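Reading through the C-alpha cells given below for one structure.
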Amino acid sequence: MKKLLGLCALVFSFAVAWQAAADQYVRGYTRSNGTYVQPYHRSYGNGTVQDNYSYRGNANPSAGSTGSTYYRHDATSPYYTGPDSHGHVGHSGAQ
C-alpha cells in the first residue's frame, strides 16, 4: 500500500511539474487604445494550435475554462478550410 501511495505521489508531482513547464505567465499590459489586459497564463508557442488552451477539447488549468475554437484558418489544425476572407493563414484571431 505504501508503494502504491508513493507511486501516486510521484505521478502527481510529475504531472504538476509538466504542467508548469507547459505554460507561461503573461503580465498585464495596456493596449495602444488604452484598454488594460489582465495578466493570464498561456501555452508556449510551438508552431501548432492543437495544444493551445483555447483549442477545442483542451482545458486551461489556470482559468478552469475549456477550449472551443477550431482554428479553421490555421494549417496546423485538422479543421483547416483554407485562408480567411483576407487571405491570411494562421491562428492569430482566426476561428
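Using Cβ contacts closer than 10 Å as the measure, can you line up H91, H41, H73 from fewest to most?
Working: H91 20, H41 14, H73 23.
Arranged by neighbour count, lowest to highest, H91, H41, H73 become H41, H91, H73.
Could you please report the charge total around R42, scoring K, R as +1 and D, E as -1 over all other residues with beta-carbon less than 14 angstrom from its beta-carbon? List each step's numbers first, then the result.
Numbers: positive: R27; negative: D23, D51.
Computed value for this residue: -1.
With a bin width of 5 angstrom, please list the P(r) values of segment 26-89 as percents of all Cα-Cα pairs, from the 0 bin to the one holding the largest distance.
In whole percents, the pair-distance histogram is 4, 16, 18, 19, 18, 18, 7, 0.
With θ set to phi - 60°, apply the Karplus curve 6.51 cos²θ - 1.76 cosθ + 1.60 along segment 48-62 and write out the HN-Hα couplings as whole Hz, x wherever there is a Gly or Pro.
Listing the rounded values in order: 9, 9, 5, 10, 6, 4, 7, 6, 3, x, 8, 10, 8, x, 6 Hz.
Name the residues whose placed amide hydrogens come within less than 5 Å of the amide hydrogen of R72, ignoring near sequence neighbours (fewer than 5 apart) on the same chain.
When sequence neighbours closer than 5 places are left aside, the close amide H contacts are Q95.
Counting Lys and Arg as +1 and Asp and Glu as -1, what is the net charge of the other residues whose Cβ lies under 13 Å from the Cβ of A63? Display every interim value, and only then the final one.
Details: positive: R42; negative: D23.
Result for the neighbourhood of A63: 0.
Every number in this text was worked out from the coordinates using simple rules, so none of it is lab data. Keep in mind the model is a prediction, meaning the values are calculated, not measured. Heads up, the Cβs are rebuilt from the backbone with ideal geometry, glycines too, and the neighbour counts pull from every protein chain shown.
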